[in-house]
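Heads up, the thing below is written out as structure tokens.
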Amino acid sequence: MSVHHMATAACVQRLQPKSGTELMESLMNLLHTGVHVRATGVADDAASTSGRDGLPSLKLPVVLQRRMSTKASPGSRIHPSPNWLMRNLPARLVPYAQLMRLDKPIGTWLLALPCFWSIALATAPGHLPDPIMMALFGTGAVLLRGAGCTINDLWDRDLDGRVERTKGRPLAAGTLTPSDAIGLLALQLSLGLVILLQLNDYSKILGASSLLLVGTYPLMKRITYWPQAFLGLTINWGAIMGYAAATGACDWSIVLPLYGAGVAWTLVYDTIYAHQDKRDDVTAGVKSTALFFGDNSKTWFTGFGTLMAACLTTAGMAAGAGAPYYAGVGAMTAHLAWQVRTVDLSNGPDCMAKFMSNKWAGTFLLAGIVMDRLLATT
């Protein structure tokens with residue numbers, strides 16, 4: 001076998017790792033060591049011809065050419081788009097969708113669920129929640145969450161570049177400018193206003209008052225170790241607003257403990273989330289309950305979980321709820337206890353997995369409320 005063919009065979013062997021990600025890493029390593037990989041646009045049998053510097057030039061399948069030509073933003077990893085929407089958006093819209101976190105819908109769920117709890121609790125006995133009201137609040141959650149993330153990233157565009165998990169965000173990476181983000185923010189707030197105007201006057205006032213929390217929450221990580229508490233006050237506002245939208249008024253004996261339960265829940269799941277970034281946060285000068293609680297985090301979690309269960313029980317008693325409601329409370333509390341018991345706070349991926357599982361915790365409670373109202377007779 002000639003030296004030329006032996007070199008080709010060696011290159012082909014090096015291009016056979018176990019996974020797609022490893023394949024890309026191998027290709028990049030070959031480029032850095034001087035092997036010229038020539039993408040021809042034709043999938044063939046890896047036959048080679050002489051490349052520059054006398055080194056072999058490999059022909060790559062079209063699919064590899066496309067992946068090689070995709071420019072990854074700083075801090076990003078090569079992996080498939082996470083959902084159908086992101087895979088099918090025009091390329092020029094992808095950074096805007098990322099700024100809204102449409103690629104990570106868990107935040108929308110965590111914003112929408114307290115709204116849904118409240119609407120369901122306000123539902124008349126023997127009925128399902130109003131589907132139009134649920135749709136309005138679901139759409140509003142997408143827009144308000146997107147607006148909140150846009151504001152957050154405008155405030156944090158310099159900090160995000162110093163944190164490994166966030167340095168690939170569009171503003172930190174430079175794929176969008178602050179002017180782009182402000183334009184998107186204006187569009188989201190305008191569409192949110194259209195939804196708000198569909199509600200009664202009492203709900204309009206409540207909705208407008210939440211904007212102060214939405215606008216100031218991102219600053220809290222700079223001035224207090226309790227930004228997760230401010231997030232809880234912001235993201236659970238729908239626990240008050242949903243009831244008002246459904247009934248035209250608030251029964252504060254129901255909505256205040258429901259709101260308190262949501263805040264306590266947020267303090268658990270968002271502190272788990274913050275444990276991913278604690279090392280980078282120290283370097284960047286960012287504060288969080290993860291840093292404040294430290295090794296005592298699980299003790300704090302137990303206290304907040306107990307408070308959540310107590311508040312939900314109080315809300316249920318005020319609403320005259322029955323067994324299905326308390327079954328939902330029990331299921332949500334058990335799920336939270338499982339998270340606290342099993343989460344490895346030094347393991348970033350496990351923290352993220354536990355954080356994302358909270359959509360199920362909140363859905364358990366929603367299912368209990370809906371069944372309770374459907375089966376109620378008075």
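General remarks:
- Of the solvent-accessible surface of segment 227-329, computed with a 1.4 Å probe over protein heavy atoms with every protein chain present, carbon and sulfur atoms account for 64 percent.
- Summarising the label geometry, the points placed 7 Å from Cα in the beta-carbon direction at residue 344 and residue 182 lie 4.6 nm from one another.
- Model label zone, residue 226; criterion: amide N under 13 Å from point 7 Å along Cα-to-beta-carbon; scope segment 261-286: 264, 267
- Length released on extending from residue 317 to residue 282, taking residue separation times 0.36 nm less the Cα-Cα span: 8.3 nm
- Measuring spread by the Cα atoms of segment 229-378 yields a radius of gyration and Dmax of 16.4, 58 Å.
- Computed from the C-beta positions of residue 353 and residue 249 and an R0 of 41 Å, the FRET efficiency is 0.55 to the nearest 0.05.
- The distance linking segment 100-134 with segment 314-378 is 14 Å (Cα centroid to Cα centroid, whole angstrom).
The values are calculated or read from the model by the stated rules, or taken from the named source; none is laboratory data. Bear in mind that the values here come from a model prediction, so they are computed numbers and not experimental data. In this analysis, Cβ positions are derived from the backbone assuming ideal geometry, glycine residues included, and neighbour counts consider all displayed protein chains. Calculation scope for accessible area: heavy atoms of the full protein, side chains included, ligands and nucleic acids excluded. Shrake-Rupley method; radii C 1.70, N 1.55, O 1.52, S 1.80 Å.
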